[in-house]
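The values are calculated or read from the model by the stated rules, or taken from the named source; none is laboratory data. What you see is a predicted model; the values in this text were computed from it and never measured. When we count neighbours, we look across all protein chains shown, and the Cβ atoms used for this are built from the backbone with ideal geometry, even at glycine. All accessible areas refer to the heavy atoms of the entire protein, side chains included, with ligands and DNA or RNA removed. Shrake-Rupley method; radii C 1.70, N 1.55, O 1.52, S 1.80 Å.
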Amino acid sequence: MSSTTKNTVAILLATVTLLSAAPSALLSADEKHVSVYSPVAIYTLPVLDRAGREYVGLLELLEPLGRVSTQSEGRRWRLRYNAVDAEFVAGSTRARIHGRDFDFNAPFLLENSRGLVPLSSLSGFLPRFLGAPVNFRESARRLFVGDVGIQISFQLDPSNPPHLAVNFSAPVNPTISTEPGKLRMVFKRDPVVSPGSQSISFDNQVITHASYSENDGDAELDLAGNEPLLASFSNDRRTIIVSAVPQTAAAPNVVGTGPQNPTQTPPPSAPGANIPSGNANNNMNNNVHRVLAIVDPAHGGEERGAALTDKLAEKDVTLGFARLLRHELDIRGFAVVLLRDGDTTSTLDQRAAAANVLRAGIYISLHAVAQGSGARVYTALLPVEGTSKGVFHSWNAAQSPSLPVSRIVSAAIVAEMQKREFPAQGSSAALRPLNNVFMPAVAVELAPGASGVADLTSANYQQRAASAIANAVASVRDRLGVQQ
Ligand SMILES: [Zn+2]
């Protein structure tokens, strides 16, 4: 199977999202944070509300930056940070730091020997401890120690389709999420600073503008567009390329539910998916709901997959098998899209993104192996994570809501194959891109039968498998579709 995972590429789609609330609203809503960015450490601390003021623990604030010790004695609290001594008094606004008085704009608090200082005084007194300039952006609760800010700049390539390079002066690792017309990057640990303006317009029809904001220790950069946008990292995570979803994937109304334009066909230059316009026409004429099935011949192009024999590459077997399966599904009334209908290269993220944009009823990935016999049908093995809140699922767990139906599909395929005396077993595996697909999704791995590896290129053998898969999928047709 040898699926290649390109960890450096993360692609997210703008149309897919089921967000009804901003991600931040799904996090612990009542807990405030301050983010600290320094050359030696980047961290987040809880912010405490006391008498209408915001406070932070001073020991926790300084500990990641140097050697700290504290000592409390009644209402007095002494702290030593590296070679700087300070003394605070509970309830008093005056402290002595490095031999000089300092006046807080709210009283110092002592709770269980823990010294709390008002956030609003940080930029005043911290330089005395740190010996470095401090920039505290109080409304956003982001504290910059020294010259650590990461600059953002934009570079638009207006060619068709347009690409926007969002460049950063250092590597970044934002959380990227999407909702219709918007691609949102949230920087929790990256000291990015405003690109100079809250909102930047691009003179472009597809990617229209960027807006920057800061809140509760996070920075956020939103890209807005008139088409579904996707993002991919490049340049060692110093650049995020934002572009429209490839046209083949962004043309769901050619296939499915939207208004049909009989003259509209995918551009010949479009790589990958082959949109069967004939099926779409049938759909129109019969006015019958045709479930869309995505068939994904794994590997392709530069990525050959497993070497099944000296000469036979997995990518070629999966393509032939996919074409047979397309036919079998088509005659059972499915609309079918092959994610590649030639020897083209796509990443796993691109495959999942294309399936998600098309909001298909079922996604079927095809692999082939030289060992074993018959077929193995996989469903996703999702990474263990906390209970997902609401309808938001991370990219790596997009499959989660559909997994029960995926297992029904898998069981139906295994049963149908066994009924036809085609050896088959079901399994779950951390097999991408299954976990990134938010509709029912299975991967079928074809292994040789009694005739050995020659079976893998046998149309007859492939046909038996394809027919069983299509029958099984048709038998659970009513269960298919995006689960929420
Ligand atoms: Zn494979």
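Computed quantities for the displayed model
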{"item": "Residues of the stretch 35-84 classified as farther than 25 Å from G149 by Cα and either part of a strand (DSSP E or B) or touching an Asp or Glu at 6+ places or on another chain (Cβ under 8 Å) (or both), total", "result": "16"}
{"item": "Looking only at the stretch 144-155, and only at residues there that are open to solvent by 40 Å² or more (accessible area, probe 1.4 Å) and of a type outside the set (S, T, N, Q), the one that is nearest to L62 (Cα to Cα)", "result": "D147"}
{"item": "Qualifying residue in the stretch 418-441 (condition: in a strand (DSSP E or B) and open to solvent by less than 10 Å² (accessible area, probe 1.4 Å))", "result": "yes"}
{"item": "Given (1) surrounded by fewer than 18 Cβ atoms within 10 Å (Cβ to Cβ); (2) touching a helix residue (DSSP H, G or I) at 6+ places or on another chain (Cβ under 9 Å), index of the condition A298 fails", "result": "(1)"}
{"item": "Pair list, Cβ < 6 Å and 6+ apart or interchain, from the stretch 291-318 residues that are farther than 17 Å from T345 by Cβ to residues that are open to solvent by less than 40 Å² (accessible area, probe 1.4 Å) and of a type in the set (D, E, K, R)", "result": "L308/E314"}
{"item": "Residues (touching a residue at least 24 places away in the same chain (Cβ under 8 Å), out of contact with any helix residue (DSSP H, G or I) (no Cβ under 9 Å at 6 or more places or on another chain) and open to solvent by less than 10 Å² (accessible area, probe 1.4 Å)) located in the stretch 104-143", "result": "P118, L119, F125, A140, R142"}
{"item": "Number of positions in the stretch 354-376 that are within 15 Å of the ligand (Cβ to nearest atom) and open to solvent by 10 Å² or more (accessible area, probe 1.4 Å)", "result": "5"}
{"item": "Sole residue being under 16 Å from L431 (Cβ atoms) and hydroxyl-bearing (S, T, Y), chosen from T345, T379", "result": "T379"}
{"item": "In the stretch 447-462, residue surrounded by the most Cβ atoms within 10 Å (Cβ to Cβ) [restricted to those that are in contact (Cβ under 8 Å) with a residue 60 or more places away in the chain and touching a helix residue (DSSP H, G or I) at 6+ places or on another chain (Cβ under 6 Å)]", "result": "L456"}
{"item": "From A415, A465, A472, residue being part of a helix (DSSP H, G or I), small (G, A, S) and within 16 Å of the ligand (Cβ to nearest atom)", "result": "A465"}
{"item": "Which numbered condition R100 misses (of (1) modelled with pLDDT of 95 or more; (2) open to solvent by 60 Å² or more (accessible area, probe 1.4 Å))", "result": "(1)"}
{"item": "Any hit, the stretch 51-60, residues being of a type in the set (A, V, I, L, M), open to solvent by less than 30 Å² (accessible area, probe 1.4 Å) and at pLDDT 90 or above", "result": "yes"}
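For (1) assigned to a loop (DSSP other than H, G, I, E, B); (2) closer than 17 Å to V444 by Cβ; (3) within 14 Å of the ligand (Cβ to nearest atom), each residue gets a yes or a no:
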position	(1), (2), (3)
D296	no, yes, yes
G305	yes, yes, yes
K311	yes, no, no
V317	no, yes, yes
L325	no, yes, no
E328	no, yes, no
V337	no, yes, no
D343	yes, no, no
S346	yes, no, yes
